[in-house]
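First up is the structure itself, then whatever we jot down about it.
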Amino acid sequence: MKEKTINDIIANGRWNWYGEGDNMNETKKEIEFKQFCSRMWLDNCDENNYPGATTYTEDEYTSKYKNYLTERFNKDNGLVTNGT
């Protein structure tokens, strides 16, 4: 059965979490989700580029905010938006 959403992919164990999938077998949706997470992380870096700001590596960011990223990816159809 082909997964339809990123939640299906994660729930079915095809892709445990960000960066842990088999690159040769990734679906288009998985690749889009990785790209979405990278863009969101870069936006977070830009927004928190000042002395004393809490910063994260890409892996730390995606791990800490995986639920938020999954919700936003599904809500915004994989597009990075301003959240409105």
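The values are calculated or read from the model by the stated rules, or taken from the named source; none is laboratory data. In this text, all values refer to a predicted model and were calculated from it rather than measured experimentally. Cβ placement follows ideal geometry from the backbone for every residue including glycine, while neighbour counts extend to all protein chains displayed.
Select from region 54-71 the residues that are among the charged types (D, E, K, R) and over 9 Å from the mean Cα position of the chain (by Cα) and list them in ascending order.
Glu58, Asp59, Glu60, Lys64, Glu71
Can you tell me which residue is modelled with the lowest pLDDT among those in region 8-45 that are among the polar types (S, T, N, Q) and under 17 Å from Tyr61 (Cα atoms)?
Asn16
Quick check on my filter: what residues within region 36-84 are of a type in the set (Asp, Glu), over 21 Å from Thr5 (Cα atoms) and free of Cβ contacts under 8 Å to residues at least 40 places away in the same chain?
Across region 36-84, the qualifying residues are Asp43, Asp46, Glu47, Glu58, Glu60.
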